[in-house]
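The values are calculated or read from the model by the stated rules, or taken from the named source; none is laboratory data. All of these numbers come straight from a predicted model, not from anything done at the bench. All Cβ positions, glycine included, derive from the backbone under ideal geometry; neighbour counts span all protein chains shown. In case anyone asks, the SASA skips ligands and DNA or RNA and just uses the protein heavy atoms, side chains included. Shrake-Rupley method; radii C 1.70, N 1.55, O 1.52, S 1.80 Å.
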Amino acid sequence: MQFQRFCLIFLLIIGTTLGSFAQKDVLFTVDGDKVYTDEFKYVYEKNNRNDGNLYSEASVLEYLDLYVNFKLKVKEADVLKLDNNPAFQSELKRYRKQLADSYLNEREITDDLLKEAYNNTKEERKIAHLLMLCGPEAPPADTLRIFEEMKIIREEIRSGGKTFEKAAQVYSEDKATKPNGGDLGYITAFSTIYDFENIAFQTPIGGLSPIFRTRYGYHLLTTTDIREAKGKIEAAHILLKVPKFANDKQKAEIKQKIQGFYDDIDKEKGENFEMYAKRYSEDKSTAPAGGSLGWFGVGTWVRELDDVAFGLENIGDYSMPFETEYGWHIVKLLNKRPIGTYSDMKEELIRKVKKDSRSKASRQKFIDRLKKDFEYNPNEEGYKSFVDRLDVQSFLSSRYTAPTSDDLKLPVFKISGAEYTQYDFAKYIEKNQRKKKITRVKDIYKRADILYKDFVASSLVELERNSLESKYPDFKRLMQEYRDGILLFDLTKDKVWDKAANDTVGLEAFYEQNKTNYLYDTRLRGKIITCPDEATARALSTLLVKREKKIKKGKNVKPFASFLAAYNEKASGQSSFKKGTYEKGDNDIVDSIKWEAGISRTIKKEDGRVIFVLVEEIVEPTPKPLSETKGYVISDYQTQLEKDWIAELKQKYPVVIKEKTLRSLYN
């Protein structure tokens, strides 16, 4: 319920868009403003599509309450004229550009994309990133909140408050790369999603990318190194895994074992590598095939394996043993394939691009559709007379300047009845003549034709951009949603979030009134005692039983540390202890014993050590101090502040529910 409440800001809804729905039955009014049944049904179904109780009375009433609260906030934002704020208008304009770019790019695939993919294939970039999770289905309000957090993080990095590495360690939600400062190792074309690759290949060494979004969430990245790509290799490996709880002796034995494999293989000049892989490798997925990892490029495996495998120079070479998070490896280079020419790789690139997020649609098909939609009508006479008058020298040297004379009035084409004149075309040439695909063409007519087609395409796309709201209801709805989302984010931030975070007196008073809601779980206070063997554990536990009896009788005993030190002086092996207060889930040993005062059962480890727990007290639930539970208290305080705010809005803007219409939704 709480998740839905906060996410309501971001629901993919039409909000207050008039004319988006058929003006049928009124479901409710907010201060006289009508909200129609069709609008409510749209957002209800969109956000409850997996609800097995769709249109049950309970489901409808619960969602209606959320939607009424949403409309109250929209009403307040409109009354306060928050949409007149220049910062809001600027952000909405930026968002429209981004959304429009997305709509337009989804309909294109070009040679430029293929060449970009090829150029990226020729490079390998070492990238570190910082990720804040925000999935594709995240409501717009979550998106806004996370984006604002990322803006703060980026500024902290940019201003030198934190290094990128430190910021990633503190803030990143990518668990795999967080510990090492966001380091992803080397990437190349197609080794990651295109949105990420695109930004990575635009970011110079040491540069900080803009904030960008992928299907995983919001990212920042930096490039730490660039090198020439090594293509693909085929390799095999032998793996000996290191158990999770292996002790130093076990680890040394595993390292010694794989070193023995290496020595034997080395004596036989690598001829028995496949046999060793089949017989001894603990990678069950590759061992039957002699350890073959197949063909792969940079970024396919863990960074350490990538670095070693791509560092092998000659086919048949094999590495010294090395360690990764999976264990100890020896890698052998079976084959390698360098980067080919663009011509050699084009078909492969096309296949990959078709499967990649680059390819949303063919650009030419997209342009052809726009020509039809906007009634494109070329004027050959206007175009021909213009080309015939071109200054050949300046045009072919890419130094053309649009004439200042006013006789370039003939249209070269029309779109939706509007004329695009020879002068418009001349200005387009002046601005775009230095593009590589233009300068390499030396024939005047071919060059003019390319520029003309680009001018037509650019004009069509710009018109499409300006017509998105009228052509695509989804685009119009998204703009309305985002508009409402920004307004409600700013309003809720002021009324609820910032107030809860900054109102220290109010927060402390709320905590005092509700501190029984923030209890510790039942806890165990005691000492975890580790002995070198079973005999020591039995002897020590016997002494501890006697010691505990003395304590219960009120007799004085040595502090535990002194007691154990005295015992260790006489014992053959050294025992140690760790004291603490534990909740369930804090410690595997504590979780595995019976929670009652006294000496627990013993637990024998793989290395022979024996562990038991001296349970001194079972602590019943008590309130946590505010310092330990502040985040939860702030969240609950926000909930209370929002409830109070909604009650105030309902007094200010009366809500009238049309009961008969409402009942028709679930009866």
Listed residues 643, 624, 605, 658; which is open to solvent by 60 Å² or more (accessible area, probe 1.4 Å) and under 30 Å from residue 502 (Cα atoms)? 643
Can you spot a residue in the stretch 444-457 that is free of Cβ contacts under 8 Å to residues at least 40 places away in the same chain, part of a loop (DSSP other than H, G, I, E, B) and surrounded by fewer than 16 Cβ atoms within 10 Å (Cβ to Cβ)? no
Would you mind stating whether residue 350 is on the phi < 0 side of the Ramachandran plot, part of a loop (DSSP other than H, G, I, E, B), in contact (Cβ under 8 Å) with a residue 60 or more places away in the chain and hydrophobic (A, V, I, L, M, F, W, C)? no
Looking only at the stretch 325-346, filter to residues that are of a type outside the set (Val, Ile, Thr) and over 26 Å from residue 119 (Cβ atoms); which one of those is surrounded by the fewest Cβ atoms within 10 Å (Cβ to Cβ)? 325
Return a yes/no flag: does the stretch 477-487 have any residue that is of a type outside the set (A, V, I, L, M), surrounded by 16 or more Cβ atoms within 10 Å (Cβ to Cβ) and closer than 30 Å to residue 582 by Cα. no
Can you find a residue that is open to solvent by less than 40 Å² (accessible area, probe 1.4 Å), modelled with pLDDT under 95 and either among the aliphatic types (A, V, I, L, M) or in contact with a Pro (Cβ under 7 Å, 6 or more places away or on another chain) (or both) anywhere in the stretch 215-226? no
Hey, which of the strands (runs of 3 or more DSSP E) in the stretch 182-277, taking only ones fully inside, have at least 2 residues that are in contact with a Cys (Cβ under 7 Å, 6 or more places away or on another chain)? 217-228
Taking the stretch 522-547 only, how many residues are open to solvent by less than 60 Å² (accessible area, probe 1.4 Å), touching a residue at least 60 places away in the same chain (Cβ under 8 Å), assigned to a helix (DSSP H, G or I) and out of contact with any Phe, Trp or Tyr (no Cβ under 7 Å at 6 or more places or on another chain)? 2
Working only within the stretch 403-417, note down all residues that are under 47 Å from the mean Cα position of the chain (by Cα) and either at pLDDT below 95 or not in a strand (DSSP E or B) (or both). 416, 417
Tally up the residues in the stretch 147-202 that are buried (at least 19 other Cβ atoms within 10 Å of the Cβ) and polar (S, T, N, Q), please. 4
Single residue of the stretch 275-317 satisfying the filter (more than 33 Å from the chain's Cα centre (by Cα) and open to solvent by less than 40 Å² (accessible area, probe 1.4 Å)) that is nearest to residue 183 (Cα to Cα): 312
